[in-house]
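First the structure, in the form of structure tokens, and then the observations on it.
The values are calculated or read from the model by the stated rules, or taken from the named source; none is laboratory data. Treat the numbers as computed from the prediction; the structure is a model and nothing was measured. In this analysis, Cβ positions are derived from the backbone assuming ideal geometry, glycine residues included, and neighbour counts consider all displayed protein chains. Just the protein is used for accessible areas: all its heavy atoms, side chains included, with ligands, DNA and RNA removed. Shrake-Rupley method; radii C 1.70, N 1.55, O 1.52, S 1.80 Å.
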Amino acid sequence: MSTQGRTVPGQDSGPDVRVRRATQEDLDAVAGIESRARRGTDRDQLVLALTDPERIVLVATVDDEVVGWGKTHWWSYADGLAPAGHYLGGVTVDPGSRRGGVGRALTRACMDWVAERAGFVCCVVNATNVASLALHEGAGFREVARAASFHTIRFTGGSGVLLRAELGAGRS
């Protein structure tokens, strides 16, 4: 399924959320969302991800305003219980647009993109991030393992949760 122009209705009669591939022109909006969410992203790495055929970077818009973004990663090797394959690389929703279906729409669109390429997708979530765990459980993810790190993702002072969702008719 293509993510171009995909519309996902918002929760509670909220506005429509549109998900599309990110472009270079979206980078300032993404940086603004990261700043307002008190997070950060490496702009150079994001630029590389935009052109990597093994990854996708998406933005969600409401009324043509970028209100969230998400990406995938590709790991070519296994790391203990964390298999090689496609991983959701995180979603950030502008604080003023949370709880309206934006995160769910971005997660689903990333999963749809991976489903065209593979039979499963994984993600790693901080064990204390209850909202993200609930979002992923609602999207069909199941816990595989908990550890202080998976691949290059380290959880200082805590643990991470490796999640996996079966995608059906893709290649595994």
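Numerical summary
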| quantity | calculated |
| --- | --- |
| Most positive-pole-ward Cα, A105, W74, A145, against dipole of the chain from beta carbon charges | A145 |
| Distance in nm between pseudo-label sites at Y77 and R39 (7 Å out along the Cβ direction from Cα) | 2.7 nm |
| Contact order relative to length of the stretch 4-154, as percent, for alpha carbon pairs under 8 angstrom and 6 or more apart | 20 percent |
| Computed E for S149/D28 - FRET, C-beta separation, R0 25 angstrom, nearest 0.05 | 0.20 |
| Protein accessible area in the stretch 19-172, 1.4 Å probe - carbon and sulfur % | 48 percent |
| Protection proxy ranking of 64-71, 147-154 - average other beta-carbon atoms within 10 Å, highest first | 64-71, 147-154 |
| Per-residue SASA entry for T61, accessible area with 1.4 Å probe, Å² rounded to 10 | 10 Å² |
| Lys, Arg +1 and Asp, Glu -1 on Cβ, resulting dipole of the chain about Cα centre, debye, nearest 20 | 440 debye |
| Read-out Rg and Dmax of the Cα atoms in Å, derived from the coordinates shown; its label in (1) 15.2, 44; (2) 15.1, 48; (3) 14.9, 41 | (1) |
| Ellipticity estimate at 222 nm from DSSP helix runs (n ≥ 4, -39,500 (n - 2.57)) divided over the chain, nearest 500 | -7500 deg cm²/dmol |
| Solvent-accessible area per residue, Å², over the stretch 50-132 with all protein chains present [probe radius 1.4 Å] | 41 Å² |
